[in-house]
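Peer 1: Can you read through this structure? Questions will come right after.
The values are calculated or read from the model by the stated rules, or taken from the named source; none is laboratory data. Being a predicted model, the structure only gives us computed values, none of them experimental. Here Cβ is always computed from backbone atoms with ideal geometry, including for glycine, and neighbour counts include all displayed protein chains. These area figures cover heavy atoms from the full protein model, side chains too; ligands, DNA and RNA do not enter into them. Shrake-Rupley method; radii C 1.70, N 1.55, O 1.52, S 1.80 Å.
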Amino acid sequence: MNKERFSAYAKIPQAHAVSVYFCGREACECGQSVGPLMRTQYVFHYVVSGKGTFRTKASTQHLSAGQGFLVFPDQVTYLEADKDDPWDYLWVTFDGTDVARIVSDVGFTEKTPAFKGDHDGCLGEMIGQIVDIFQNDRNDKYNILSLFYSSRAFMQTNTAPRRQGEKAYVDKALDYIHHNFTYRIRIEDIARYVGLD
């Protein structure tokens, strides 16, 4: 193991919409590989510097600084650092009742697990702050969750395909019904929420 590697356990209850379990940083050696490996939760990796390859049965991604990739639960993965310019990456392990929807909203699928839109380093700063909180053993769960949601919002804004047409209206209407089903819902209320007359 590399001396710069570290990880910590999150002291956040695990029965929430989102729970962040572990995080850390790995500065790989030239050609260092990991796998085949299978995780039981989602793991997002953000490449700080260098290059490497992320492989699954459904996808092969060649990534460099400012890019990232998502490992899905129960997915066999293989990671390999570049032989000349090995990657240094941050990683965050998470799961929860809302995570599958969040991952889908951001635009990740098992065939398209890569994020390639962090041109100014904003995402890296957010992920780095999460890792910093864990490294310093601070039980600051709301700050961690705030940074987690902010990082997902950043990725959605920068990569998720825009839903168009009737599906966008249906999705928004279903969202309204889901959050208001205990109230007396009128068609006019739904129409106003989705932006229709």
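Peer 1: Quick one: accessible surface of Y183, probe radius 1.4 Å, all protein chains present, in square angstrom to the nearest 10.
Peer 2: 150
Peer 1: Could you sort T60, T157 by accessible area so the largest value comes first, with the probe set to 1.4 Å?
Peer 2: I get T157, T60, largest accessible area first.
Peer 1: As a quick test, which of the pairs K141/K172; K51/K116; K57/K111 have an alpha carbon distance above 20 angstrom in this structure?
Peer 2: As for pairs spanning more than 20 Å Cα to Cα, those are K141/K172.
Peer 1: To the nearest 0.05, what FRET efficiency results for V76 and T53 with a Förster distance of 22 Å applied to their C-beta separation?
Peer 2: After rounding to 0.05, the efficiency reads 0.90.
Peer 1: How far apart, in nanometres, would the label points at C30 and T157 be if each is projected 7 angstrom from Cα along the Cα-to-Cβ direction?
Peer 2: That separation, rounded to one decimal, is 4.0 nm.
Peer 1: In nm, to one decimal, how far is the K116 label point from the T182 one, both placed 7 Å along Cα→Cβ?
Peer 2: 4.5
Peer 1: Using alpha-carbon pairs under 8 Å, 6+ residues apart, how would you state the relative contact order of region 14-78 in percent?
Peer 2: Relative contact order of region 14-78: 37 percent.
Peer 1: Just by accessible area at a 1.4 angstrom probe, what is the order of M126, M155, M38 from largest to smallest?
Peer 2: Most to least solvent-accessible, the answer reads M38, M126, M155.
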